[in-house]
Amino acid sequence: MRIMPAFPTTVSEALRNAAACRASERALGYIRDGQLHWRTWQDLVDEASRLAALLSDVGLEPGDRVAQVSENRYEWIITDLAIHLAGLVHVPIHVTLSPEQIAEQIIDSGSRLVFVSKRDLLNQLTAHLPPNSVCSVYGDHDTRNIGAELKLRKDLPPAPGPEPSASNPQRPAPTSLATILYTSGTTGRPRGVMLTHDNLTSNAAAVVDAFDRGEEDTRLCVLPLSHIYARTCDLYTWIFSASRLVLAESRETLARDLQIAKPNAINAVPFLYQRIADRIREAGGDERIALRNFFGCQVDMLNCGGAPLAPDVEAWYADHGMPILIGYGLTETSPVVSISTPQAHRCGAVGKLLRDIEVRIADDGEILVRGPNIMHGLWRNEEATAQMIIGGWFHTGDLGALDSDGFLFIRGRKKELIVLSTGKKVVPTRVELLLATSPLIDQAAVFGDGHCGLVALLVPSANGAPAGESHEAKHTRYQAEVTRCLATAAHEEQVHYFHIIDRPFSIEHGEMTGKLSLRRAVIAQNFAAELARLTSQHH
């Protein structure tokens, strides 16, 4: 293994180091129309530097915010690297949001420039943005066109709102602001999380050190780069390790892209691993061989984060020779707090703490975190920041425990605890995970605050609703399935009444975040009538 230069303090420095060591070697691959294309490390530096110079030329100054609204693509990465090189602040926005939500985040961040992946998306945004907004649409699969629409502009309109609190040099200081990421908003309105260069680099370097995979590793990126999970654990760890990264064409083409890219490792969320397991089990045959064939014989590490993984799914992968290595983190922690590795993993745990990170369990069970990965604060919200970071400890809002060997366990969200009228407290995600293990249930959302028992909304799977079945027969069959899934659950975790809904929870209806976590408040609002009927049966 080549010896990389000393620990970089910014992503742009890490990029230059990687290019200095491996200039002409393959670095980044992307799949378009089923074809794999490669760029070298020198290609990346050249193209990102070209765009960085253009951004400075049109009047952007270090500390200015630049928004990007795009699905994963090669241009996303070049834009991110150019923003780093120019000392600007990247505001990536999830392309799955509504035009109104996207515009709200662009305006709230005070972004002076917006990169948009497609012309039709820009057309949808125009009605919601101020008339002087400056946007650039990516060219048709030609990275030389990135920013082409800016060449005629020499002066961008002034940035709205307050100026940055401190000026940044052209090469940003480690403590300067690198990005603003808007939270997924499971419990309220999205808020901008401010991460510094030191937040990003310390976390990426610690993840690389924990795995010690080496520069010959190839990782396939299927998660959206607009989320910090993929951005740190796929994008920046790739740069810090000077290895190889391949962008999948889409989540729908994962099976094909695994065969094309032949990666060694992949990051994914529980939803994806659950669907792969379901697909293999439904097909029949030798499941162990089918699982190995799906991922490819070269894959030796499956990483998971973003949401809880159902215990039976974790056990199924382990029993079939491909254990899932679960980690834990939040946007506010850049994101990784703990990870499982091939050498250190335990069933039900989310791994051990990364180096330089401390965890303390508060008296009420809340997980508190301290370290170089903790966010600088919330954008334009000092009051909320002070409520979340107290005495240097970030209050995660998650409930958990540390065992004697240093493994961290997550028990649920503090704010999502259901308090029954009996005084018993229930973690809804645990019950939902148990219900979702059923082949008849795709999704489940559990409620019951203030009532004497739980109720649930169930989304049936494709094979859970045979044609011609009566309502009574279907309800009886699902009642037996709910009872079976919760056979090992505590008395207060039993679902007393349930309703089978006729559509899945979705991002489009505001019921799921971009990470596919449930937004229970929105679900409760959208299905208020159904929940009212269920809870009335308790009386």
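Restricting the search to strands (runs of 3 or more DSSP E) fully inside the stretch 324-407 and requiring at least 1 residues that are closer than 21 Å to residue 428 by Cα and in contact with a Lys or Arg (Cβ under 9 Å, 6 or more places away or on another chain) gives 366-370, 393-402. Residue 402 passes every criterion in (1) surrounded by fewer than 19 Cβ atoms within 10 Å (Cβ to Cβ); (2) among the aliphatic types (A, V, I, L, M); (3) under 20 Å from the mean Cα position of the chain (by Cα) apart from (3). Considering the stretch 482-506, the residues that are more than 25 Å from residue 452 (Cβ to Cβ) and touching a residue at least 40 places away in the same chain (Cβ under 8 Å) include one that is surrounded by the most Cβ atoms within 10 Å (Cβ to Cβ), namely 505.
Are any residues in the stretch 83-117 crowded, with 21+ Cβ neighbours inside 10 Å, touching a residue at least 60 places away in the same chain (Cβ under 8 Å) and in a helix (DSSP H, G or I), and if so, which ones? Passing the criteria: 84, 85, 105, 109.
Here is a check on your reading of the model: is residue 31 modelled with pLDDT of 95 or more, more than 23 Å from residue 249 (Cα to Cα) and in the same structural domain as residue 132 (by TED's automatic domain parsing)?
no
What about residue 522, is it within 28 Å of residue 273 (Cα to Cα), among the hydrophobic types (A, V, I, L, M, F, W, C) and in contact (Cβ under 8 Å) with a residue 24 or more places away in the chain? For residue 522, the condition - within 28 Å of residue 273 (Cα to Cα), among the hydrophobic types (A, V, I, L, M, F, W, C) and in contact (Cβ under 8 Å) with a residue 24 or more places away in the chain - is not met. Taking residues in the stretch 372-399 that are surrounded by fewer than 16 Cβ atoms within 10 Å (Cβ to Cβ), and partners anywhere that are of a type outside the set (Gly, Ala, Ser) and part of a strand (DSSP E or B), the pairs with Cβ atoms closer than 8 Å and at least 6 places apart or on different chains are 384/378; 387/395; 392/370. Restricting attention to the stretch 254-273, does a residue exist that is among the charged types (D, E, K, R) and modelled with pLDDT under 95? Among the residues of the stretch 254-273, not one is among the charged types (D, E, K, R) and modelled with pLDDT under 95, which makes the answer no. Residues that are out of contact with any strand residue (DSSP E or B) (no Cβ under 9 Å at 6 or more places or on another chain), within 20 Å of residue 209 (Cα to Cα) and surrounded by fewer than 21 Cβ atoms within 10 Å (Cβ to Cβ) do not occur anywhere in the stretch 358-365.
One residue alone among 40, 96, 79 is of a type in the set (S, T, N, Q), modelled with pLDDT of 95 or more and within 23 Å of residue 194 (Cβ to Cβ), and that residue is 79.
Cβ separations smaller than 7 Å between residues 6+ apart or across chains give the following pairs from the stretch 1-21 residues that are under 16 Å from residue 196 (Cβ atoms) to residues that are at pLDDT 90 or above and assigned to a loop (DSSP other than H, G, I, E, B): 9/174; 10/174. Identify the residue in the stretch 486-522 that is among the aliphatic types (A, V, I, L, M) and outside any loop (DSSP other than H, G, I, E, B) and, among all such residues, is nearest to residue 181 (Cα to Cα). Of everything passing the filter in the stretch 486-522, 512 is nearest to residue 181 (Cα to Cα). Just so you know, in the stretch 197-222 the residues that are of a type in the set (A, V, I, L, M) and part of a helix (DSSP H, G or I) include one that is surrounded by the most Cβ atoms within 10 Å (Cβ to Cβ), and it is 204. Restricted to the stretch 223-258, and to residues there that are small (Gly, Ala, Ser), touching a helix residue (DSSP H, G or I) at 6+ places or on another chain (Cβ under 7 Å) and assigned to a helix (DSSP H, G or I), the residue that is farthest from residue 332 (Cα to Cα) is 255. Among the residues of the stretch 37-80, those that are among the hydrophobic types (A, V, I, L, M, F, W, C), without any contact (Cβ under 8 Å) to a residue 60 or more places away in the chain and buried (at least 18 other Cβ atoms within 10 Å of the Cβ) comprise 44, 45, 48, 52, 66, 67, 69.
Residues in the stretch 384-413 that are modelled with pLDDT of 95 or more and acidic (Asp, Glu): 403, 405. Going residue by residue through the stretch 442-451, is there one that turns out to be under 20 Å from residue 415 (Cβ atoms), among the β-branched types (Val, Ile, Thr) and free of Cβ contacts under 8 Å to residues at least 60 places away in the same chain? Yes, the stretch 442-451 has at least one match.
Per this entry, residue 466 is not counted among residues that are at pLDDT 85 or above, of a type outside the set (A, V, I, L, M) and outside the structural domain of residue 315 (by TED's automatic domain parsing).
Can you name the residue in the stretch 408-427 that is more than 22 Å from the chain's Cα centre (by Cα) and part of a strand (DSSP E or B) and is also surrounded by the most Cβ atoms within 10 Å (Cβ to Cβ) among such residues? For the stretch 408-427, the residue satisfying everything is 426. Inspection of the stretch 507-515 identifies at least one residue that is surrounded by fewer than 13 Cβ atoms within 10 Å (Cβ to Cβ) and of a type outside the set (Gly, Ala, Ser). If you go through the stretch 470-523 and keep only what is of a type in the set (A, V, I, L, M, F, W, C) and modelled with pLDDT under 90, you end up with 489, 490, 507, 512, 516, 518, 521.
The values are calculated or read from the model by the stated rules, or taken from the named source; none is laboratory data. Keep in mind the model is a prediction, meaning the values are calculated, not measured. Counting neighbours? That spans all protein chains shown, and the Cβs are built from the backbone with ideal geometry, glycine included.
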